[in-house]
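Below is the structure I would like to discuss, written out as structure tokens.
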Amino acid sequence: MNTKFYIIEDDIVTQDTLKKVIHQNELGEVIGTADNGVTALDQIKWLHPNIVLVDLLLPKLDGIGIVTEIRKQMPSVHFIMISQVTSSEMIAKAYQEGIEFFISKPINLIEVVSIIEKVTEKIQMSQVIESFENAFRSIDLYKKPQVGSVRQEHSERASVESVLSQLGISGDSGTSDIAEILLYLMKKEAAGERFPKDYKMSELYQYLCDYYMEQYGKQTNVFAVEQRIRRAIFKALDHIANIGIEDYGHEAFSRFSGTLFEFKEVRAQMDYIRGKSYEKGKISVRKFIEGLMVAIKEVRNY
């Protein structure tokens, strides 16, 4: 797949850096650039890029406005936002409008490459699924149980990614671990097993180690998996606490502050961020996973 990129960035140095990263790492082709939102909006509609790298703060039309408008007409376009903005509320709004990842400036080149590869992999997977479905239709061997299972798995993964993206941890090294655990538990739950009754966290960590070795030949250990997950969950706690500081009535804060964490720990993290306390909030991996299972069911039933 020759991935087509469009870059919207009013800082020419950042724009050139992104072009070089894409070219030097053979990630695809940059088919267009713009330094303002209005020009970008017109060009994207006829260039049809696969991935748009967009700054949040732009002249004439900001990044969120671009994402909102393009997704109405071209839902297959994927967006990666790159900005120096630190407002949790604005970042949360960007995720709600449909961005895949948010990268903070100054950019880390390794992070940029990693995230682009993840989005490209997602696009390729969607295309593979679509090609299989078309093939089944064309030869009249479209078997509903088989294709249905592929569709269900794709839908489940989309539900998981939708919830995780609202927590500000997309792209974090532990986020993939959390996603695989959730997908595993969803399959087991469909078979009649229940979390947390039927599982210990150590067993889930070991499952991931075995899964990565079997699927990718990648060797890891339980301790490393646990630490990645704990770091990602704490990052989510910090994200929710920042949202609460900005807007106590924010939907994401109301939805997650008491379901994924103990509310007193969210308050503790808010006090720490404000400089009112030296004690950070604490997390519970089990409570976080339990809460996510509930949140994902809500998304799927919406």
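Yes or no, residue by residue, for (1) part of a loop (DSSP other than H, G, I, E, B); (2) under 20 Å from Y95 (Cβ atoms):
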site	(1), (2)
Q15	no, no
K20	no, no
L27	yes, no
T33	no, no
V38	no, no
D42	no, no
L53	no, yes
L56	yes, yes
I64	no, yes
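Could you count how many residues in the stretch 6-17 are in contact with an Asp or Glu (Cβ under 7 Å, 6 or more places away or on another chain) and either of a type in the set (F, W, Y) or crowded, with 18+ Cβ neighbours inside 10 Å (or both)?
We begin by selecting, within the stretch 6-17, every residue in contact with an Asp or Glu (Cβ under 7 Å, 6 or more places away or on another chain); these are 8-10, 15.
Right, trim to either of a type in the set (F, W, Y) or crowded, with 18+ Cβ neighbours inside 10 Å (or both) and you get 8-9, 15.
Number of matching residues: 3.
Starting from the stretch 102-117, keep only residues that are surrounded by 13 or more Cβ atoms within 10 Å (Cβ to Cβ), then list their pairs with residues that are of a type in the set (G, A, S) whose Cβ atoms are within a distance under 7 Å, requiring at least 6 positions of separation or different chains.
F102/A94; K105/S83; I115/G171
Return yes when L27 is out of contact with any Gly (no Cβ under 9 Å at 6 or more places or on another chain), in contact (Cβ under 8 Å) with a residue 60 or more places away in the chain and closer than 16 Å to I7 by Cβ and no when it is not.
Working: out of contact with any Gly (no Cβ under 9 Å at 6 or more places or on another chain): yes; in contact (Cβ under 8 Å) with a residue 60 or more places away in the chain: yes; closer than 16 Å to I7 by Cβ: yes.
Yes.
Since L260 meets every condition but one in (1) part of a helix (DSSP H, G or I); (2) closer than 22 Å to D177 by Cα; (3) not β-branched (V, I, T), which condition does it not meet?
So L260 meets the others, but not (1).
Could you list all residues from the stretch 67-114 that are more than 13 Å from G168 (Cα to Cα) and of a type in the set (K, R)?
Across the stretch 67-114, the qualifying residues are R71, K72, K105.
Looking only at the stretch 244-297, which residues are without any contact (Cβ under 8 Å) to a residue 12 or more places away in the chain, in contact with a Ser or Thr (Cβ under 9 Å, 6 or more places away or on another chain) and either small (G, A, S) or closer than 16 Å to S165 by Cα (or both)?
K297 - this is the single residue of the stretch 244-297 that is without any contact (Cβ under 8 Å) to a residue 12 or more places away in the chain, in contact with a Ser or Thr (Cβ under 9 Å, 6 or more places away or on another chain) and either small (G, A, S) or closer than 16 Å to S165 by Cα (or both).
Also, quick follow-up: Are any residues in the stretch 167-221 within 24 Å of M81 (Cβ to Cβ) and either touching a strand residue (DSSP E or B) at 6+ places or on another chain (Cβ under 6 Å) or of a type in the set (F, W, Y) (or both), and if so, which ones?
Within the stretch 167-221, S170, G171 meet the criteria.
Right, something else. Which one of these does E161 not meet: (1) farther than 25 Å from E262 by Cβ; (2) at pLDDT 85 or above?
So E161 meets the others, but not (2).
In the stretch 27-73, which residues are surrounded by fewer than 22 Cβ atoms within 10 Å (Cβ to Cβ) and acidic (D, E)?
If the condition is that a residue be surrounded by fewer than 22 Cβ atoms within 10 Å (Cβ to Cβ) and acidic (D, E), then E29, D35, D42, D62, E69 are the ones that fit.
Which one is farthest from I243 (Cα to Cα) among residues in the stretch 69-93 that are small (G, A, S) and part of a loop (DSSP other than H, G, I, E, B)? Give the steps one after another, and end with the answer.
We begin by selecting, within the stretch 69-93, every residue small (G, A, S); these are 76, 83, 87-88, 92.
Okay, now just the ones that are also part of a loop (DSSP other than H, G, I, E, B), so 76, 87.
On the way: S76: 29, S87: 8 Å.
Applying the filter and picking the extreme gives S76.
Would you be able to tell me the number of residues in the stretch 270-285 that are under 24 Å from V225 (Cα atoms) and either in a helix (DSSP H, G or I) or of a type outside the set (S, T, N, Q) (or both)? Step through it out loud before you land on a result.
Residues of the stretch 270-285 that are under 24 Å from V225 (Cα atoms), as a first pass: 280-285.
Now restrict to residues that are either in a helix (DSSP H, G or I) or of a type outside the set (S, T, N, Q) (or both): 280-283, 285.
Summing the residues that are under 24 Å from V225 (Cα atoms) and either in a helix (DSSP H, G or I) or of a type outside the set (S, T, N, Q) (or both) in the stretch 270-285 gives 5.
The values are calculated or read from the model by the stated rules, or taken from the named source; none is laboratory data. The structure displayed is predicted, hence computed values, not measured ones. Glycine gets a Cβ as well: all are built from the backbone with ideal geometry, and neighbour counts include every protein chain shown.
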